[in-house]
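J.: Handing you this structure, nothing more for now.
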Amino acid sequence: SDNESNESDESDESDESDNEIDNESETEETKKESKNILNEQNFFEKDNFDMFSQIDESKLIELHQICQLNNIPIENRKPFELIQDILSLRQEEADNNLNKSSVSKTKIDNKNYNKDNDDVDDSTIASHISCTVEMTDISRKVDVAVIDEIQLMSDEQRGQFFTRAFLGLPASEIHLCGAPSIVSLVEKICMKTGDELEIKRYQRLTKLEIVPSIGMDRRKVKEGDCLVTFSRKHIYQIKSTVKCSCAVVYGSLPPGVRKQQVLNFNTGVSKILVASDAVGMGLNLKIKRIIFMTLKKFDGSSVRSLHFSEIQQIAGRAGRYSMTDQSNGEVTCWDPEDMARLKAALVSPVHGPPAQRAGVFPSAHQLCSFLQVNPDRPIHVGLSELCEIAQVSETYSVADVADFVSIAELLHNKGCYMSEYHTILFSMSPVDIKNIFVREYFVKYASQFCELVNSSHLEDKDLIKFGIHKTIAHIKSLPESELHTVQSSLEDIYKLGTLYIWLARRLPAFFSETDRVLEALEFCSDCIHKSLAHSQKHAKKTNSRQSGDYQQNKKSTKYKNQNFKNHFDQKNKRFYK
């Protein structure tokens, strides 16, 4: 009864406040008051508030206040029902703050969206989060953080993100997993930060054996082999020559398709795996033998030999403990001439020399502050100057942001003039500017954004559209047997869709087709999966036909040989007579 009286009193108070707000202004004050309530930290403490249990009186009153301010009916409704209605509102701040402690189940938040993830930021409502280091939220306190492949902290491009996660995560305990080459650098950093460091070293549980080269003889390729090469074109060339069911794995393959290809290989549906160096990280595979088709790769600017650490990383995927039924993993080369370098890499100190420096780079707001010192210069020029004059201690190095600068220069050259912050935001987006298709649409999005920012009003019809629905409609009209002819285009559309979602997540007021793009991503992933499945069926039929022809030829040869033998015996009989 006390609760009911308090609820009625509170509802009366909220009615009066609503009348005052209506008299003073429309929605501005409502949003402001709602924001103040949502910012009350005590209301969202995990120990005091649970979406699926009873909440105390004061919390219920505050919940009702939020509902009143947002015109949500509260009569005869349970707390969790009210929260669900609040979550449905298109107010990102309300969503994020309410969800910080209202859901206890585990969800996955990754850079790439799929059908199971709505356009709501799942990282704010999950008790466990899995994401790339680039997407790590260093403002959220956690009990335990795990950073895998920490040796990449010394990488020229991605190192800055690993350093940011390592030094920025507000965690009571951080587990760093990676190669021994990074240990000395982590020790130096922890000595300066005063953090306690405990090092645990683990030995490989199965042996890795170097076996003789297969001598460019594809007949020696057997079930459980993984053929490693470093270009998408070469992967499909090899796939077309292998005379059995074959799975493929490479970086630009959509995550859902890659997952299905891995499953096919691990379950034996596909007997052989053809993969790029993407096989070296983040995948658990039942590989019995690694076969390097080459020990050279194109790194974006030139063809170079693989580093010893790269060879070790990939070769180590063979014979993983509990993944295969054999005791040892095997590694070899397609070309006998590569065997000497392979042996040198695997007998050298594990994972190369110690890492010397961790990559760092300023945040977006710090970059804006620097660029505003001289606002007349082009932003890409300012970024280049920053990289030249920046000074860091001997433990760190300024990250290589050539791609970042190139994107900013592209925007400038195309006349996409916007604020420093928005230029930096667009330049940080996951756009492959070497891909002509993706680059053209990226510039189109940036141009439309500039027009919208400079316009006095926004209408839904003017917002930035995905723009390739006609192309998707054409692909939908193709029979399944022809999907392989547009697979490259499907992968490009998937890249573009990921870019659109990335921008929409940060600029939701300007990108209006999030739902349709998510559907397009799912469609592309499904088509690529069908294309690979169809090519595998076609390979099986071809091999079966070839096998049948071989058996028929074998029988025919045997029959001819028998006739020749009979004829020869008859001649011998006559001769002896």
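J.: Among all residue pairs at least 6 apart or on different chains, which show Cβ distances below 8 Å where the first residue, located in the range 289-316, is within 20 Å of Glu209 (Cβ to Cβ) and the second is part of a strand (DSSP E or B) and among the hydroxyl-bearing types (Ser, Thr, Tyr)?
T.: Within 8 Å, the pairs are Arg289/Thr332; Ile290/Thr332; Ile291/Thr332; Phe292/Thr332; Leu295/Ser305.
J.: Would the range 413-421 turn up any residue that is surrounded by 16 or more Cβ atoms within 10 Å (Cβ to Cβ), modelled with pLDDT of 90 or more, outside any loop (DSSP other than H, G, I, E, B) and not charged (D, E, K, R)?
T.: no
J.: Still on this structure, please answer the following. Do we have any residue at all in the range 165-181 that's touching a Ser or Thr at 6+ places or on another chain (Cβ under 8 Å), part of a loop (DSSP other than H, G, I, E, B), surrounded by 15 or more Cβ atoms within 10 Å (Cβ to Cβ) and not charged (D, E, K, R)?
T.: yes
J.: May I ask you to verify whether Ile424 is in contact with a Ser or Thr (Cβ under 7 Å, 6 or more places away or on another chain) and part of a helix (DSSP H, G or I)?
T.: Working: in contact with a Ser or Thr (Cβ under 7 Å, 6 or more places away or on another chain): no; part of a helix (DSSP H, G or I): yes.
No.
J.: Can you tell me which residue within the range 255-282, out of those that are part of a loop (DSSP other than H, G, I, E, B) and open to solvent by 30 Å² or more (accessible area, probe 1.4 Å), is nearest to Gln157 (Cα to Cα)?
T.: Our first condition is that a residue be part of a loop (DSSP other than H, G, I, E, B); within the range 255-282, this holds for 268-271, 276, 281-282.
Subset that is open to solvent by 30 Å² or more (accessible area, probe 1.4 Å): 269, 271, 281-282.
Values: Val269: 37, Lys271: 36, Met281: 17, Gly282: 19 Å.
Filtering first and then ranking leaves Met281.
J.: Here's something else I'd like to know. Please tell me if Ile210 is in contact (Cβ under 8 Å) with a residue 40 or more places away in the chain and surrounded by 17 or more Cβ atoms within 10 Å (Cβ to Cβ).
T.: no
J.: May I pose another question? Would you kindly identify the strands (runs of 3 or more DSSP E) lying entirely within the range 327-409 that contain at least 1 residues that are of a type outside the set (Phe, Trp, Tyr), under 19 Å from Thr163 (Cβ atoms) and at pLDDT 90 or above?
T.: It comes to 358-360, 396-398.
J.: Determine which single condition Thr395 fails, assuming it passes every other condition in (1) free of Cβ contacts under 8 Å to residues at least 60 places away in the same chain; (2) on the phi < 0 side of the Ramachandran plot.
T.: The failed condition is (1).
J.: Please identify the pairs in which a residue from the range 329-340 that is under 17 Å from Gln313 (Cβ atoms) and touching a residue at least 60 places away in the same chain (Cβ under 8 Å) has its Cβ atom under 8 Å from the Cβ atom of a residue that is open to solvent by 10 Å² or more (accessible area, probe 1.4 Å) and assigned to a helix (DSSP H, G or I), counting only partners at least 6 apart or on another chain.
T.: That search, which allows pairs on different chains as well, returns Val331/Leu346; Thr332/Met339; Cys333/Met339.
J.: For the range 306-326, enumerate the residues that are of a type in the set (A, V, I, L, M, F, W, C), at pLDDT below 90 and not in a loop (DSSP other than H, G, I, E, B).
T.: The answer is Phe308, and nothing else.
J.: I would also like to ask the following. Report the residue count in the range 374-430 for those that are over 30 Å from Leu185 (Cα atoms) and touching a Lys or Arg at 6+ places or on another chain (Cβ under 7 Å).
T.: So the answer is 1.
J.: Scanning the range 225-254 for residues that are small (Gly, Ala, Ser) and closer than 21 Å to Thr294 by Cβ, which turns out most open to solvent (accessible area, probe 1.4 Å)?
T.: Ser240
J.: Taking the residues in the range 343-374 that are touching a residue at least 40 places away in the same chain (Cβ under 8 Å) and over 30 Å from the mean Cα position of the chain (by Cα) as candidates, determine which candidate is surrounded by the fewest Cβ atoms within 10 Å (Cβ to Cβ).
T.: Top of the filtered list is Gln372.
J.: Next question. Checking Glu330 against (1) within 26 Å of the chain's Cα centre (by Cα); (2) acidic (Asp, Glu); (3) crowded, with 20+ Cβ neighbours inside 10 Å, only one condition comes out false. Which one?
T.: (1)
The values are calculated or read from the model by the stated rules, or taken from the named source; none is laboratory data. Please read these numbers as outputs of a predicted model, since none were measured by experiment. Positions of Cβ are generated from backbone atoms using ideal geometry, with glycine treated the same way; all protein chains shown enter the neighbour counts. To get the accessible areas, we keep the full protein, side chains included, count just its heavy atoms, and leave off ligands, DNA and RNA. Shrake-Rupley method; radii C 1.70, N 1.55, O 1.52, S 1.80 Å.
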